[in-house]
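K.L.:
Take a look at this one; I'll ask things after.
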Amino acid sequence: MKESTESAGCDEGGGGPLLDDVRRLRVMVAGVRGARLVERVLPAPLPRVWQVMGDLEGGFGEFQPDMRSVRILRRDGDRVEALARSRYGPRAHFDGVLRPGWCWLQSRFLVIGMAAVEDEKESGHTRVALTGGVRVPGRAALVPFGARRELEQAMARLAARVM
C-alpha cells in the first residue's frame, strides 16, 4: 500500500470536511486485512507528543518496543528513507512519509503508521493513533498475531515519555 502526500478527504472546494491525520489512519487501517489500530488521548500538547513520535532517530526508538535504532538515510521534503534495526536483530529498509502529525513507513515486510492531532474535546491534549506490523508481500494485509499487544505497549511507553 503506497502512501500519498496529498490530503485525504473531500475536495477543498467546499465538498465537505477534510479528514484529520488520525481519522485518515483509521481509514487506511480499515482497508488492510489483519491491521490493528490503537488510539488514545494523551494529556500532553501536540508539539510535545510529536517531538517524541516524529524523532525517528531518537524518541521513536524509546517508545517502540521492537526498535533498537533508526537511521534516516535520505530526506526530500516529507519523503523519507530510513534503515531500522530491531532489538531482535533483523533490519528493515523503510520508505515513506514523515511530516508533523503523520508518519507512514513501509519496508518489504513491515509497516509503521502513526498519527497525532490536537484533541477536539480537551485543550492541551493530543489524540494519537498507532498501527503497524508484518506485511504480507503483494497483498494489502498484515499478520495480526501479537500486533495489538505491541501497539498497546508502544502507546503506554509513549504516554509515559510525554507526560
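K.L.:
Do we find that Glu62 is more than 19 Å from Arg161 (Cβ to Cβ) and acidic (Asp, Glu) in this structure? Explain how you work it out, then say what you get.
P.N.:
On the way: more than 19 Å from Arg161 (Cβ to Cβ): no; acidic (Asp, Glu): yes.
Here the answer is no, as Glu62 does not meet what is asked.
K.L.:
Please give the strands (runs of 3 or more DSSP E) falling wholly within region 57-159 in which 1 or more residues are in contact (Cβ under 8 Å) with a residue 40 or more places away in the chain. Show your work before the answer.
P.N.:
Details: elements: 67-76, 79-86, 91-99, 102-106, 110-118, 126-135.
Ranges flagged: 79-86, 91-99, 102-106, 110-118, 126-135.
K.L.:
Tally up the residues in region 22-36 that are surrounded by fewer than 16 Cβ atoms within 10 Å (Cβ to Cβ) and touching a Pro at 6+ places or on another chain (Cβ under 9 Å), please.
P.N.:
Final tally of qualifying residues: 1.
Coordinate-derived values only; no laboratory data. Fair warning: this is a prediction, and the values are worked out from it, not measured in the lab. Reconstructed Cβ throughout: ideal geometry from the backbone, glycine too, with neighbour counts over all protein chains shown.
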